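Following: one structure in structure tokens, then a few remarks.
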């Protein structure tokens, strides 16, 4: 591993302090850890300091050490060990981290690096003339299926071509980085096959708990759900014992265990295929006609393209609608989507309130991060 040291004193600021919002966030983050384990918050606090200042300064390290009651050397060990922490100033508008691990390299990462050398600086970890952009090559960032890719801040930009990376760099340099949607830069959903789905294509049916068929072992051909193999029941095994008793291994204690522990009663076919009783789980939210420009519900954490389509099918198109859901309406939608409390856990209502009030800027102000 390369030696990582703090930047020269000449570029170090005289002091550091979290902003009021970040200070409140830091205190809440520390509370998440068990008593006596609060020092485990060192990495998220250093990351928040980096996001606030652009890099991890010596005063920031000292500040975090004091806040967590840690020896300064231990915080220094963390900051200098993990390469996610920038120990000297980087681009004020964007620091481009190009993944250079094998999958990305095989898919064209070298060409992305050439773009960075041409557009930003010939050497990594050096800013351009204006001090707005910098870059470096890093190891695997976990998006191998979507190679090649880069990370800027917290966001990844995947399935890149040199031309698309140049467009992204242009946008950040012009202060329009927030307009670039993170994730795949081609027509695919997350890490789904670039050529389109080949299995589990009826997502709407799956979300409602419908049965799906299988494939034959030999040919791989689709098998309808009604003809798919069913698990053997106790009756099957009893018949097998009658037909070929020589093949059945006798367990002397089986009868005693069966009499002491009655087996659960199997569900009927109707019960297995029954859909959630949405009418009994609250009140369905009021639907509206599709507006000319619906809100992008995918900005709400927990809502992907398929869920957005299901919500649109219920007449839910705007943040304002979701922000106004009552407890009974949330219960209805949660049961309809078979989410088991996910709407409450992800706090859709609070997210929708922020987005309805001021879009992405208000979301960042409330949650301290961009919507995913």
Of all residues in the stretch 138-150 being closer than 24 Å to residue 46 by Cβ and at pLDDT below 95, the one that is surrounded by the most Cβ atoms within 10 Å (Cβ to Cβ): 143
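A quick yes/no check of all residues on (1) within 24 Å of residue 194 (Cα to Cα); (2) surrounded by fewer than 18 Cβ atoms within 10 Å (Cβ to Cβ):
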| site | (1), (2) |
| --- | --- |
| 113 | yes, no |
| 129 | no, yes |
| 134 | no, no |
| 160 | yes, no |
| 165 | yes, no |
Among (1) assigned by TED's automatic domain parsing to the domain that holds residue 144; (2) in a loop (DSSP other than H, G, I, E, B), which single condition is residue 89 missing? (1)
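Can you tell me which residue within the stretch 115-127, out of those that are in a loop (DSSP other than H, G, I, E, B) and at negative phi, is surrounded by the fewest Cβ atoms within 10 Å (Cβ to Cβ)? Steps first, answer last, please.
In the first step, residues of the stretch 115-127 are kept if they are in a loop (DSSP other than H, G, I, E, B); the result is 120-127.
From what is left, the residues that are at negative phi are 120-124, 126-127.
Details: 120: 23, 121: 17, 122: 8, 123: 10, 124: 17, 126: 15, 127: 18.
Looking at the filtered set, the residue picked out is 122.
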All positions within the stretch 347-372 that are under 19 Å from residue 179 (Cα atoms) and not in a helix (DSSP H, G or I): 368, 369, 370, 371, 372
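Residue-wise test of (1) under 16 Å from residue 335 (Cα atoms); (2) at pLDDT 90 or above.
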residue	(1), (2)
272	no, no
276	yes, no
279	yes, no
292	no, yes
295	no, yes
300	no, yes
304	no, no
307	yes, yes
317	no, yes
Conditions: (1) surrounded by 15 or more Cβ atoms within 10 Å (Cβ to Cβ); (2) over 21 Å from residue 154 (Cβ atoms). Residue 351 meets all but one. Number of the miss? (2)
Pick from the stretch 293-323 the residues that are assigned to a loop (DSSP other than H, G, I, E, B) and in contact (Cβ under 8 Å) with a residue 60 or more places away in the chain: which of them is farthest from residue 352 (Cα to Cα)? 304
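Can you tell me how many residues within the stretch 140-150 are within 14 Å of the chain's Cα centre (by Cα) and touching a residue at least 24 places away in the same chain (Cβ under 8 Å)?
Residues of the stretch 140-150 within 14 Å of the chain's Cα centre (by Cα): 141-143.
So of that shortlist, the ones also touching a residue at least 24 places away in the same chain (Cβ under 8 Å) come out as 141, 143.
Summing the residues that are within 14 Å of the chain's Cα centre (by Cα) and touching a residue at least 24 places away in the same chain (Cβ under 8 Å) in the stretch 140-150 gives 2.
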All but one of (1) in a loop (DSSP other than H, G, I, E, B); (2) at pLDDT below 95 hold for residue 18; state the number of the condition that does not hold. (2)
Flag for residue 98 being in the same structural domain as residue 145 (by TED's automatic domain parsing) and part of a strand (DSSP E or B): yes
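The values are calculated or read from the model by the stated rules, or taken from the named source; none is laboratory data. Worth saying up front: this structure is predicted, and the values here are computed from it rather than measured. Methodologically, a virtual Cβ is constructed for each residue, glycine included, from the backbone with ideal geometry; neighbour enumeration extends over all protein chains shown.
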